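Just passing along the structure, written as structure tokens.
The values are calculated or read from the model by the stated rules, or taken from the named source; none is laboratory data. Predicted model, so just to flag it, every value in this text is computed and none were measured. Counting neighbours? That spans all protein chains shown, and the Cβs are built from the backbone with ideal geometry, glycine included. Just the protein is used for accessible areas: all its heavy atoms, side chains included, with ligands, DNA and RNA removed. Shrake-Rupley method; radii C 1.70, N 1.55, O 1.52, S 1.80 Å.
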Amino acid sequence: MTMKTALYRSVILASVLCASSALAGTPDEIRVPGEIPGTALHAEGAQIYECRPDAANRLVWQAREPAATLMDGDNSVGRHYAALHWEAVDPRTLVWEHKDGSSVKARIVASAMGRTEDDLPWLKFGAVAQTGNGLLYGVTHVQRINTQGGVARGPCTQAGAYRSVPYSADYVFWRAE
């Protein structure tokens, strides 16, 4: 690990831990009490939406999947995307994959509003599966915080149409103490 990478990780973890009034700026709904942050990675990518009918049969933009690069400082270290289930995207189960071969698959367990109406919500995920022995080994929860952008706006007029909306976020990977 380079000095720059180590410093970047330290800064992110320090900012997470400083709030250890357990992450002062983190809403109660997505806190992870009794666990420790193992690492934090920044993500740059897009939230992909599909135009589909809602329960009232109105066409609306519905989240389909994220497609993002995980960054450690200036280095691309992995990717983030939706899991597949029977050859279809499962928007409830997301995957974070690190270049060291480790990955974690998790499901949303709680959410809180983003800072603005154009920002994706902050989320807490519970791990459901893991692979590899690398950086993401032992992760029990993942938080999505500090979101910027990602919310689809505008009319949805054709069923099956897609829209990609740029977003960024920080992902904090938690472990049991």
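If you average the C-alpha positions of the range 99-145 and of the range 55-77 separately, how far apart do those two centres end up, in angstrom?
13 Å
Report, in debye and to the nearest 20, how large the dipole of the chain comes out about its Cα centre when Lys and Arg carry +1 and Asp and Glu carry -1 on their Cβ. Provide the component values of the computation, followed by the final result.
Working: 17 positive and 18 negative charges, 24 e Å.
Dipole of the chain, to the nearest 20 debye: 120 debye.
Between helix 3-18 and the chain, what is the angle of the helix's C-alpha long axis to the longest principal axis, kept within 0 to 90° and rounded to the nearest 10?
With both axes taken from Cα atoms, the answer is about 80 degrees.
Could you point to the label whose value was computed as Rg and Dmax of the Cα atoms in Å for the structure here, given (i) 16.5, 54; (ii) 18.0, 69; (iii) 21.6, 74?
Comparing each candidate, only (i) matches the computed number.
How many percent of DSSP beta bridges within the range 95-154 run antiparallel, rounded to 5? Could you put the intermediate results ahead of the total?
Working: 17 of 17 bridges.
Within the range 95-154, antiparallel bridges account for around 100 percent of the total.
Considering only protein heavy atoms, what per residue accessible area in square angstrom results for the chain with a 1.4 angstrom probe?
Working: 9350 Å² over 177 residues.
For the chain, the per-residue accessible area is 53 Å².
Right, something else. Sorted from largest down, give the three principal axis spans of the alpha carbons of the range 33-114, whole angstrom values.
For the range 33-114, the Cα spread along each principal axis is 43, 29, 26 Å.
From the phi of every residue in the range 90-95, what ³J(HN,Hα) in whole Hz does the Karplus formula 6.51 cos²θ - 1.76 cosθ + 1.60 yield, where θ is phi - 60° and glycine or proline is x?
For the range 90-95, the Karplus-derived couplings read 9, x, 8, 10, 10, 10 Hz, x marking Gly and Pro.
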